[in-house]
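Visitor: Can you keep this structure in mind? I'll have questions shortly.
The values are calculated or read from the model by the stated rules, or taken from the named source; none is laboratory data. From a predicted model like this one, the values you see are computed outputs, not experimental measurements. Please note: Cβ atoms are built from the backbone with ideal geometry, for glycine as well, and neighbour counts cover all protein chains shown.
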Amino acid sequence: MRFNFFAIAAVFATTVIAQGNFCPEAARFGLVNVSPSTLSPGETFTVTANLTCAIELGNTPTFLDYYIDATATHTVSGPILIARRTYDNSTSPPIDQFTAVLPNWFYFTDATYTFVMDNSFARAGPTGESVITVGGIETPINITGF
Ligand SMILES: *[C@@H]1O[C@H](CO)[C@@H](O)[C@H](O)[C@H]1NC(C)=O
Ligand SMILES: *[C@@H]1O[C@H](CO)[C@@H](O)[C@H](O)[C@H]1NC(C)=O
Ligand SMILES: *[C@@H]1O[C@H](CO)[C@@H](O)[C@H](O)[C@H]1NC(C)=O
C-alpha cells in the first residue's frame, strides 16, 4: 500500500511539472488581483483572476464569487458581493477578468479591507456523485475617500 501511494504521488508530480507551472499550495483555488488596489466609492477597478493553478490542481471553477470583506475592532457588516460569475473552462488562457465599481456602502477608516474570490468547484464524493465545494483566496485592498 505504501509503495502504491508513492507511485501515485510520483505520477501526479510529473503531470504538474509536465504542464509547465509550479503551483504553490497557496494558489490551489486560483490567484486574484485588483487594480488599482486603493479604491474610493464609485471608482471603477479591474479584477483579474488567474485560474491556471486551480485547474492544474483539480479545482476547476464552476462559479466564481467576488466579495469585499472587512475586519475591525468593532462590528462591521458582512462581506459585500461584487460579482457572481459562471466559469467557462474553455477560456484560454484561464483568466477571469472584468471591471466592477466599488459600491457606496458603510466603510470605516479603522477597518482593514480584503478582496475575496470564492471558487466553487465540483468533486466526486464517495459514491461518485458530483458535489460542489468552495475554497477562497484574498488580496488586501485600501478603501479611502468616503
Ligand atoms: C497565471 O499563473 C500561471 C502559474 O503561476 C503563470 O504561469 C501565468 O503566467 C499567469 N498568467 C497571467 C496572465 O498572469
Ligand atoms: C478544465 O480544462 C483543463 C484543460 O484545459 C482540464 O485539464 C480539466 O480537466 C478541465 N476541468 C473540468 C472540470 O472540466
Ligand atoms: C494601502 O495603503 C498603504 C498606505 O498608503 C500602502 O502602504 C499599501 O501598499 C496599500 N495597499 C494596497 C493593497 O494598495
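Visitor: From (1) among the acidic types (Asp, Glu); (2) more than 28 Å from residue 22 (Cβ to Cβ); (3) more than 16 Å from ligand 2 (Cβ to nearest atom), pick out the condition that doesn't hold for residue 138.
Guide: Every condition holds for residue 138 apart from (2).
Visitor: I'd like the full set of residues that are within 16 Å of ligand 1 (Cβ to nearest atom), in contact with a Pro (Cβ under 9 Å, 6 or more places away or on another chain) and under 12 Å from residue 46 (Cα atoms), limited to region 78-106.
Guide: Matches in region 78-106: 96 only.
Visitor: Kindly provide the set of residues from region 95-141 that are within 14 Å of ligand 3 (Cβ to nearest atom) and either acidic (Asp, Glu) or loosely packed, with under 12 Cβ neighbours inside 10 Å (or both), ordered by number.
Guide: Selection gives 109, 110, 138, 140.
Visitor: From the residues in region 45-58 that are in a strand (DSSP E or B) and under 12 Å from residue 94 (Cβ atoms), which one is nearest to ligand 3 (Cβ to nearest atom)?
Guide: 48
Visitor: The conditions are (1) closer than 14 Å to residue 116 by Cα; (2) β-branched (Val, Ile, Thr); (3) not in a strand (DSSP E or B), and residue 73 fails exactly one of them. Which is it?
Guide: Tallying (1) closer than 14 Å to residue 116 by Cα; (2) β-branched (Val, Ile, Thr); (3) not in a strand (DSSP E or B), residue 73 fails exactly one: (1).
Visitor: Among the candidates 20, 42, single out the residue that is assigned to a loop (DSSP other than H, G, I, E, B), over 14 Å from residue 141 (Cβ atoms) and modelled with pLDDT of 95 or more. Even if it seems obvious, please write down each step before you answer.
Guide: On the way: 20 fails: modelled with pLDDT of 95 or more.
The conditions single out 42.
Visitor: Now for a separate question. For residues that are of a type in the set (Asp, Glu) and more than 11 Å from the chain's Cα centre (by Cα), scanning just region 33-68, find the one that is nearest to ligand 1 (Cβ to nearest atom).
Guide: Of all residues in region 33-68, those of a type in the set (Asp, Glu) come to 43, 56, 65.
Cutting the leftovers down to more than 11 Å from the chain's Cα centre (by Cα) gives us 43, 56.
Values: 43: 23, 56: 8 Å.
For region 33-68, the residue satisfying everything is 56.
Visitor: Let me confirm something: among 52, 48, which residue is touching a residue at least 24 places away in the same chain (Cβ under 8 Å), more than 11 Å from residue 118 (Cα to Cα) and in contact with a strand residue (DSSP E or B) (Cβ under 6 Å, 6 or more places away or on another chain)?
Guide: Among 52, 48, only 48 is touching a residue at least 24 places away in the same chain (Cβ under 8 Å), more than 11 Å from residue 118 (Cα to Cα) and in contact with a strand residue (DSSP E or B) (Cβ under 6 Å, 6 or more places away or on another chain).
Visitor: Shifting gears a bit: Between 59, 119, 104, 50, which is of a type in the set (S, T, N, Q) and over 22 Å from residue 28 (Cα atoms)?
Guide: Selected residue: 104, the only one of 59, 119, 104, 50 that is of a type in the set (S, T, N, Q) and over 22 Å from residue 28 (Cα atoms).
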